[in-house]
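Student: Below is one structure. I have some questions about it.
The values are calculated or read from the model by the stated rules, or taken from the named source; none is laboratory data. These figures come from a predicted structure and were not determined experimentally. Here the Cβ is made from the backbone with ideal geometry for all residues, glycine too, and neighbour counts use every protein chain on show. Areas reflect the complete protein model, heavy atoms only, side chains present, ligands, DNA and RNA absent. Shrake-Rupley method; radii C 1.70, N 1.55, O 1.52, S 1.80 Å.
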Amino acid sequence: MGLVDEFENRLERVVEGVFSKAFRSDVEPAELGRRLLREMEAGKSVSVGAVYVPNDYVIQLSPDDFGRFEGLIPTLRGEFGTLLKTNAGQRRWRLPGPINVRFEQDDSLKAGKFEVEGFHLAADPSDPYAAEPDELVQLDTGRSWNLDSDEITLGRSSTNGIVVDDPNASRNHAQLSRRADEWWITDLDSTNGTLVNDAMIKERRLSHGDRIKIGATELEYREAASGIT
């Protein structure tokens, strides 16, 4: 099942389960989601070897449709944000800042009509293409580390960039290195080895969502385009 199909099935359950008969409109939430994806692709911009896409979106609805959607807006903002983040992550597109989806009422629109616009809104206004760093998240604690240098070591020693407080981890266990805008992990001849998605590795390129196990500690690699904002 593709990304759009999964999104539409989930959205259908949300709308029918939460709002059921109370929600009726000529504008379908799934149709808005598809339009957001098209707007993301249409707004692509290439900068410094990376593809950036809009992160700030405005959905304009007629007064009638806005009134019908009003109670659903908080749920839809979350669902649309997840859809856009996942789409950007799968395509390795970058975002200039956190994703935000807004709904506005446009009195000039007739019922059943809507407009969607996407904008590049930088987290740092002085740099319109300031990319968020990728990150590593420890799954049992939620602690995260930004990957903001080209080489980062992991291990039990306090001299590591990422200290793994685990007696089963070696003092200098593994190393993360950035190569041509991709992250690789290399085992540093550790005693118990390094696993990625339950497979023992010597060296491996990381993809969004990969789970790394060092000793008894599990971490997840998250690319900025799909990370938590």
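Student: How big is the C-alpha Rg of the range 32-89 next to the rule-of-thumb value 2.2 N^0.38 Å, as a ratio? Don't jump to the answer; show the numbers that get you there.
Tutor: Numbers: Rg = 13.4 Å, N = 58, 2.2 N^0.38 = 10.3 Å.
The reported ratio for this selection is 1.30.
Student: For a quick check of understanding: with a 1.4 angstrom probe and all protein chains in place, what accessible area in square angstrom does residue 7 have, to the nearest ten?
Tutor: For residue 7, the solvent-accessible surface is approximately 0 Å².
Student: Cut-off under 22 Å on the C-alpha distance; same-chain residues fewer than 8 positions from residue 213 excluded. Which lysines are left, in chain and number order?
Tutor: Hits, sequence-local ones excluded: 202.
Student: I'd like to compare 146-153, 36-43, 216-223: which one has the highest average count of other Cβ atoms within 10 Å, and what's the full order after that?
Tutor: Working: 146-153: 14.9, 36-43: 16.8, 216-223: 18.6.
Ranked by mean Cβ neighbours within 10 Å, highest first: 216-223, 36-43, 146-153.
Student: Using θ = phi - 60° and the Karplus form 6.51 cos²θ - 1.76 cosθ + 1.60, what ³J(HN,Hα) does each residue of the range 144-150 get, whole Hz, x for Gly and Pro?
Tutor: For the range 144-150, the Karplus curve yields 10, 10, 6, 8, 10, 9, 6 Hz.
Student: How do 190-196, 172-178 rank on mean C-beta neighbours within 10 Å, highest first? Please list the in-between numbers first.
Tutor: On the way: 190-196: 17.6, 172-178: 20.3.
In decreasing order of mean packing, 190-196, 172-178 become 172-178, 190-196.
Student: A further question follows. Using amide H atoms built 1.01 Å from N in the peptide plane, name the residues 5+ places from residue 188, or on other chains, whose amide H lies under 5 Å from its own.
Tutor: 174, 175
Student: For residue 168, which sequence-distant residues (separation of 5 or more, or a different chain) have an amide H within less than 5 Å of its own amide H, given hydrogens modelled in the peptide plane?
Tutor: Correct list: 216.
Student: Next up: Please enumerate, by chain and number, the aspartates and glutamates with C-alpha under 14 Å from the C-alpha of residue 110, excluding those fewer than 8 residues away in the same chain.
Tutor: Candidates past the 8-residue exclusion: 26, 64, 65.
Student: Excluding residues on the same chain fewer than 8 positions from residue 44, give the lysines whose Cα lies under 29 Å from its Cα.
Tutor: 85, 113
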